[in-house]
Each structure stands twice: as structure tokens, then as C-alpha cells.
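Please read the structure below before turning to the comments.
Coordinate-derived values only; no laboratory data. In this text, all values refer to a predicted model and were calculated from it rather than measured experimentally. Cβ atoms come from the backbone with ideal geometry, glycine included; neighbour counts cover every protein chain shown.
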């Protein structure tokens, strides 16, 4: 996780001007999630969390953990088909929230005649194509540039685990073990020799698939434990946890 | 009314597949409970029960009222169980769901109708004055097996509860405050507990103890058995669902008995611990006439 020096802010706190990165004059300052600009020159936090600043990119955002997902464009999410209409699937991203729309034609090589048949409750891996305020978000399972699925689409077999949004973000970092502090998946694969695939959705869903049911159960328990222990759960402790889980779960 | 969120097809199929291999999502055995945790509050009759992520709070209270005219020698005992939107967004106030009706009905049958509480001891003046004991059950978090957790909470709250001491002298009823006289426990006859089995598979051949919410959404039937540690069964509720073999049901009662014995042991241990915590200094402190300065 980020260096221990990053300050903790509460909702409504004004951000101290000394914290704003100034070294990079070429790029404009970009505000990420959790920050709000109140004209003329106040920066306010809207959530409680760690204030992270990146002087190189001239960005700042707040790293926080929550369970409620709010869609934003280009996020990869794992949804669940709720029902289908003439040319749309309605997809649940998180319960008790408006559903997202997934057009039948937003799949790889889908045409009016050859569109995918998905059952109710089927899990799909999709990208958020459009997300505006006051509108249902729109999803796609195909890249607009290449016309290929690029790994998106219905997820068959396996199961879906619910994790916190913070853990989902940490898992989706380019190097989750080094930057995110989540080593359990690597450890399970490398040291225990378990074979499984995962797909992480930014809406706090992790799909785990494997030939063996036991493997999926072990991975799910490891993820739940890491989620519960939070960011201070070090790699050595994770190694111990992995060993314990593999030993405990009978074949 | 918002509907309860359904698990995805993948999750449903996986739960079943795992159960067929004798595996559960949290690594428990099929006949194992999640870790049970009971804490008593500062007041008498306040029990907070955690069963995994399910959390139920029960609070017992008593007041003096007029008994029912058809039962002049009995006190009044009620259990009020309500599911609020805090538990899950699909629960609404004033619109009882099926879960809520079943919960209060089963608690009623288990604790009240089995005569766990001696209602005759609640009578103060025949036909005129009696104690009305009420237990309020609040479900704070719902992760399956509400019935067992709620029943344990109710029994724990009632056994922990102390009602104010009273005396009758020359037709005058006096209710003493805790400062005047130490409150007295309720007349308790036996401690019944609910044990719920969930059935899975096409024929309901897999039986599972203490199902989580995900498992409850996938199960094909359930059966709640209430009994006390002597093996006296108060009620068996098998409400709909797939028919289950009679032999399997008998095996369930055997399992239920061991579960209930461990419940009883745990509750007794917690009650003794709590009594010790309250009894600071023991009898000597009580007999001392010294004041706190």
C-alpha cells in the first residue's frame, strides 16, 4: 500500500494547500475519486480515507474502502444477468441498485441472428462503456477498437465471491503482490501448486474457476481472510494463512 | 418493495457441487456450527449473540399489568421479533415477510408453548396483578440461520434477566428497586434451543447444519427441531420443501441433541462468568457497611 506518510482525511475536510503537488507545471492538476473542487480554490474530501498524491502525474485521489460500487467508464466489472428484453440484458452490478444495460450486440461477433443466449443469474465479465449521473450504466463485452472479446463475456463454471471494493482495486493493480500487498493468489499458485483462473470486477466481485472444487473453496477463503485483515496483513502472514488453509481443507 | 438479491447461477451451482463433495464455502464440516459468541450487556436480560456474521440482540423486560381475564393465575409472556431494513434492504417495517412470520412463530412455539418460563410464578395477585415479561428480538445482521441464533438469544436473555423483587403485606403490593432488594431471576423450567437443518440435492439427501444465507437461498428444504439437553423435543417444523426420508430425520434429531448439549454448556459457562463479573468482592462486600467515598 501507499507510504505511511500519506495523511488520513475525513469527509468535508479541506485539503491543506501544502499537500497539493506542484512540481509538475506542465500538466494540469487532476482530481481522482473522493475529492471535490469548490470554486474558487478549496479542495474538499467527500469520503474518509488516505489522501494519495502523485507528483509525477500531478494527480491526487483518496484511497478508501467501501462496499457500494458506483459505475465509472472503462471499469471491468462482474455482473449477473437479471433479465432480458428485446435487445438488452439487464445486469445487476450490486444488489439493491439500478441495473446496468448490456446490449445483445455488444458481444464478440454478435449479429441479430447469432446473439449469445444467457440464462438468468449467469455471471458476465464486462466493461462499463458509459456511466452518467441519473442514467443506467451501459456495459459491453467486446472491444470497440478490435471487435474482439479480450477475455470479456459470460463466465462459466466456478463461483463468484464478494469482496470489498478496496480489495478488488488492490487485486486489479498491475502488480498486486508488490503494490497491492495481496500475495495469496500468487502463493496459492506457486507454492501450493493449485491451478485456477480468476477474474476481478471493480464492483467487488471475484470470479474463481478451477477443475477442482476444493481449489475454488481454498481461494475463496483466502480472499475473505485477506479482505478482513485489511492492508496491514503482510506477505509472511499470508504465506502462513495459505499453508493453513490448504492443510485444513480436505480433498 | 425491493426484492432480496439472488445469488448468481454460478454461485448456486457451485454451492451444490461443493456440498456433494462434502465441502462448504467457509471450510466447515457439514454438521458444524459457525463460531458462536454471546455477550451480556450491563443491564440484566440483554444478550448479544453472534453466529458467524449473523448477529441477534435480545432484550428482556418486565412490567406489572393486569392478567388476562381467562387466565387469572398466569402472568403474561410475549416474544416480539421484528426484522428491520437494517438487516437487509428487502425487509420493510410493518410488512412482515415470510421469514419474519416464521421466526416469531417458531420462537413462540419453542420457548413459550414448551413452558420454558413458568408463567404461574409471574402472578402477583390472582386476577388483578401480574408480571408481563417481554423479549424483544432485534436482528442486526442476517447471514443465515436466524432462527437458531434468535432462539439462543431469547433463552440467554431470559435466563440472564432479573425482575424486581416484590412483597405482599396486608393487601399492599410493593415492588422494590434494585437498590432496596436484589432483583430475582425468573422461574425457569428448561432451556429449549432450535437446531435448523437445511437439505440439498434433488431428493434432499444432503443435510447441513447452520446454513449461511447463500446456502439458505439454494436449499430445497429445511427442518427446525427444538429440544432441550435432556432430549425432550418441543417441536419439529418441516415447512414445505422437498420430502425427506424419515430415517434421515431421526439422524438429524441425534445431531441436534449434541448441538443442544454444547449450546447449554456454553450458555451455562457464560452465565457463571457473568455472575462472577457482577459479584465483585463477594459476600464480604455485601455485608460491609462502609460507604464509597
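Here are some notes:
- Mean residue ellipticity (222 nm) of chain A, computed from DSSP H runs ≥ 4 via -39,500 (n - 2.57), nearest 500: -5500 deg cm²/dmol
- Tilt relative to chain B, helix B:98-107 - C-alpha long axis, 0 to 90 degrees, to 10: 50
- With all pairs of separate Cα atoms included, chain A yields a Kirkwood hydrodynamic radius of 20.1 Å.
- Label-to-label distance, residue B:128 versus residue A:249, with points set 7 angstrom from Cα along the beta-carbon direction: 6.9 nm.
- Gaussian network model of chain A, Cα within-10 Å springs - most flexible of A:167, A:187, A:43: A:43
- Fewest-first sequence of A:134, B:142 by Cβ atoms within 10 Å of each Cβ: A:134, B:142
- Take the Cα radius of gyration of region A:1-115 and divide it by 2.2 N^0.38 Å, N being the number of residues; the result is 1.47.
- Rg over Rh [alpha-carbon atoms, Kirkwood Rh] for chain B: 1.03
- Cα shape, region B:45-91, gyration tensor, a/c 1.5 rule: prolate
- Residue A:57/residue B:98 FRET efficiency (R0 60 Å; Cβ-Cβ; nearest 0.05): 0.65
- Choice from B:22, B:228, B:145 with maximal GNM fluctuation in chain B (Cα, 10 Å cutoff): B:22
- Remark: B:107, A:19, A:118 ranked as A:19, A:118, B:107, counting other beta-carbon atoms within 10 Å and listing the fewest first.
- Of the beta bridges in region A:1-138, as assigned by DSSP with both residues counted there, near 90 percent are antiparallel.
- More than 47 Å apart - percent of Cα-Cα pairs taken over the protein assembly as shown: 27
- Residue B:289/residue B:265 FRET efficiency (R0 56 Å; Cβ-Cβ; nearest 0.05): 0.90
- Estimated at 0.36 nm per residue, the fully extended path between residue A:177 and residue A:86 surpasses their Cα-Cα distance by 28.4 nm.
- Relative to the longest principal axis of the Cα atoms of chain B, the long axis of helix B:9-20 makes an angle of roughly 80 degrees.
- Counting neighbouring Cβ atoms within 10 Å and putting the fewest first, the residues A:240, B:280, A:113, B:163 line up as A:113, B:280, A:240, B:163.
- Dividing the summed helix terms, -39500 (n - 2.57) for each DSSP H run of n ≥ 4, by the number of residues in chain B produces a 222 nm estimate of -9000 deg cm²/dmol to the nearest 500.
- Restricting attention to the protein assembly as shown, close to 90% of DSSP beta bridges with both partner residues there are antiparallel.
- Cα principal axis extents for region B:113-213, largest first, Å: 68, 26, 18
- Residue of A:165, A:241, A:102 that the Gaussian network model of chain A assigns the largest fluctuation, springs spanning Cα pairs under 10 Å: A:241
- Acute angle (nearest 10 degrees) that the helix B:246-278 long axis makes with the longest principal axis of chain B, alpha-carbon atoms: 40
- Taking a quarter of the surface of the Cα convex hull of region B:1-107 gives a mean projected area of 10.8 nm².
- Difference of contour (0.36 nm per residue) and Cα-Cα distance, residue A:42 to residue A:212: 55.8 nm
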